[in-house]
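The values are calculated or read from the model by the stated rules, or taken from the named source; none is laboratory data. Everything quoted here is computed from the prediction, not taken from an experiment. Heads up, the Cβs are rebuilt from the backbone with ideal geometry, glycines too, and the neighbour counts pull from every protein chain shown. Surface areas here come from the heavy atoms of the whole protein model, side chains and all, with no ligands, DNA or RNA. Shrake-Rupley method; radii C 1.70, N 1.55, O 1.52, S 1.80 Å.
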Amino acid sequence: MTRVHRITVTFMMLLTVLFTYNNCVLEQKTNKKIKRSDDVNLNTTSTTGTDGTNTSTDGSNTTTDGSNTSTDGSNGTTTSTDGTNGTTSATDGTNGTNGGTVDVKALSVQAFSQTTHLLTKAHCVNCHGNFQQPLHAVADPTQAHDALIDTNKINFSDIPNSRIVQKLRVNMHQCWSDCASNATEMEQSIVNWKVIRDQLISGATSGSTGTNGDTGPNGAQPEYGIKSYEQINKTMSVLTGVRIDRSNIQNIYEDVLTQLPTDNTIDTFLAAHQVGVTKLAAEYCDTLVNDTTLRANVWPGFNFGATATNAFNSTGTQNFIVQTLNAFWGQGVDMSGRAPASIELQALVNELKVGENLGASSTTRKIAKGVCITALASLNVTLL
Amino acid sequence: MLSSTAALAGPREQAWTLHNRLASVPPTPQTLNSMENLIVSGNAEGAANIAMENPEFYGTTLKNWVKRWTNADQTPRVPFNDYVATVLGMIRDNVPFDQVLSADLYYIVSNNSGATIAPWAIDSNDHYEDAETNNVNFKEFLLQRSQSSLNGITDTAGVNTTRTAGEAFYSAGTNRRVTRFTFMNFLCRDFEALHDLNLSDYHVRRDVDRAPGGDSRTFRNKCVGCHSGQDALGGAFAYFDFVDGKLEHTPGQVVDKINANNLFSEGWVQQDDSWTNLWKDGQNSVLGWRGVQQGNGARSLGAMLTRSRAFAECMSTKVYELVCMKNPLSDEEKGLVMSLATDFETTGNYSMKRLIAKTSVQCMGE
């Protein structure tokens, strides 16, 4: 365990690089599919009329009751407001090309259900999901959403000063662990709520400028999900051949169980989740590399008893990386994405050699575990 | 195919995605090849069916999907239980899923699984919990049984009369929870969505305050909108209570808690297990009610609910969210879900496996 953790810490920076790479690839793919404008300001919402006019406003200086819409009837431009209440109509008024209607509140509820609502349902449900006003932890996302918005518990213009955050940070009200951490977690969830809401509105309004006005807000939805805790554990078991009922695997799984994603919603996937995934991958890889039978299945022909100099020479490194990615990312699957990953892993191997005794076979196994952990904990494995 | 939302992928990537989403785990190289070949030959549903043969389709994907239905917190982080086992078994055996709220069916874990598990007991979940802890293969070792022969309940109503449902929805309270969560889980609507102030309040029970906070307008403008409909349906569960770790059924005897808390003596007193659907007309007629709209007991209520169009649409929507990782929001996606719902309740004869296979190939990328 100690050795594994040391390796994990050593590789964390490089893991972050690969994680970032994965996120970037994901983001790029998502952007391609939703055809979202690259210059969308997430703090603003805007609708482009068919005449090309674009008006943007931020949530801080526009109406907040959601009931009014500021429509520029002359050019068909509609500006949405804070997105929390009411409906914003994105209708072209005069030029005859029919935009759709964007239900801003519905999009806010959708964003809320993927962010802050998950927190309130997890930690506040005993009181605020039952009898205690505001009922922001009830199962129905619309009711819970309205309970917060209608009572001004959320301040999107100054999120840290939102009442629901202050209740945790200042009043230490019913914290589920450390109040400061809980407040930060709540604050971040509201930030995510706002970002996702604005993305949805942006996607919906840009979609509404089509010729038939029926393009819904789906364009902003991710095409992917993230595996949940049990899916991740069983996936790693299948890929490595290490049984999930081994005591060391069970122990580490129990340790990180609540840190792993609960559901498949990728919007709520955080760095903390990734750390949990990495810890679990570290245990699987430690077991795999130390098991002569299992490791031969993943890396046939690789000499784990050789010195690092020989085992991870140029050819050996390349072969090891190819075998790793074939085993964990699928043989022949998404090969176009392999080259950048291979470059990163080669850099990782070179980094891991620095300061190590390259004449020892133990170093070979350490490097192998590093590559293994990096590939096994990647989004290519945990993405749905 | 949903060209506007599909990921860019070749048949091998499609097979990889399909298997991971359906079985929760990656395919073996051999399975991947087989699925890829079927996709190339235009039989994507065949590929989906292969993925659904993986034991983890039941042991992980479906199990965690259904677990959310079995508790008030709607979390999958609860132990395996008889409710989940019954749903898994029905799907595996292709029992028409419209029987999920009315069948006299039940599933236990076989003693031949090789694992040491506690014997089934009417007042304990240990049998199921042990099976999960020991990683029992639910595809292989779930056995179908008559529910009434095990729990002694004459008015069995599928999953709604399992021990787990009893613990989650019938304990304490007034049994309104079971009606609410049945609507949420199988019609995809919480009561707020059904709120209708136009209905008469004659069926609202005595324990509902007619002037909350001293203001009768609150009752008239808010409370009655849900209680008028739900209390009229909730009579179906008047003979049930969760006592001493098990769901008890007392035919002919309304349990005390149903008519307790007399806050308004002229309110409805439940005398038997009759129910009537006051939401069948008006704004809630859009749920597509079919057949008889009144009856007695949990089983007849369950059958009425699953006959509705809303049930088919709800199941179709839930499956879409499960295998496509998103909500059906666009007109195109909504149209797809509606057509899948129609297939589910007609040609598909409520086969959940068929619905899952047909849905999964719509979002595997292209």
extent check for the range B:167-325: Cα max minus min per principal axis, descending, whole Å, gives 49, 39, 31
Around A:Ala180 (Cβ within 11 Å, Cβ-to-Cβ, excluding A:Ala180; K/R +1, D/E -1) the net charge comes to -2
Rounded to a whole number, the mean other protein chain Cβ count within 10 angstrom for residues of B:331-343 is 1
Projected area averaged over all directions for the convex hull of the alpha carbon atoms of the range A:218-303, nm², comes out at 6.7
In whole percent, the Cα-Cα distances of the range A:290-339 spread across 5 Å bins from 0 upward as 4, 20, 26, 23, 16, 8, 2
Rounded to the nearest 100 Å², the accessible area hidden between B and A, summed over both chains at a 1.4 Å probe radius, is 3200
Percent of all Cα-Cα pairs per 10 Å bin for the range A:113-163, counting from 0 up to the last occupied bin, reads 30, 57, 13
Regression test value, accessible area per residue of the range B:136-269, probe 1.4 Å, units Å², expected 40
Chain B, Kirkwood Rh and Cα Rg, ratio Rg/Rh at 1.01
Mean per-residue count of partner chain Cβ within 10 Å for A:227-240 equals 5
Given backbone amide H placed at 1.01 Å from N, residues whose amide H is under 5 Å from that of B:Trp268, ignoring those fewer than 5 places away on the same chain, are B:Val204, B:Arg205, B:Arg206
Expected vector for the range B:207-220, Karplus 3J(HN,Hα) from phi with 6.51, -1.76, 1.60 and θ = phi - 60°, integer Hz, x for Gly and Pro, equals 7, 8, 4, 7, 9, x, x, x, 10, 5, 5, 4, 4, 5
For peptide B:71-81, the mean count of other chain Cβ atoms within 10 Å per residue Cβ is 3
In the neighbourhood of B:Asp190 defined by beta carbon distances under 15 Å, the net charge of the other residues (Lys, Arg +1; Asp, Glu -1) is +3
To the nearest 20 debye, the range B:221-347 has a Cα-centred charge dipole, built from +1 on Lys and Arg Cβ and -1 on Asp and Glu Cβ, of 140
Across the alpha-carbon set of the range B:202-264, Rg over Rh with Rh taken as the Kirkwood radius works out to 1.06
Rounded to the nearest 500, the 222 nm mean residue ellipticity computed for chain B from DSSP H runs (n ≥ 4, each -39500 (n - 2.57)) alone is -11500 deg cm²/dmol
Here D for the range B:95-148, in µm²/s, from Stokes-Einstein with a Kirkwood Rh over Cα pairs at 25 °C and 0.890 mPa s, works out to 204
In this structure, among A:Lys234/B:Lys318; A:Lys121/B:Lys318; A:Lys153/B:Lys334; B:Lys318/B:Lys353; A:Lys167/B:Lys257; A:Lys194/B:Lys326, pairs with alpha-carbon gaps over 25 Å are A:Lys153/B:Lys334; A:Lys167/B:Lys257
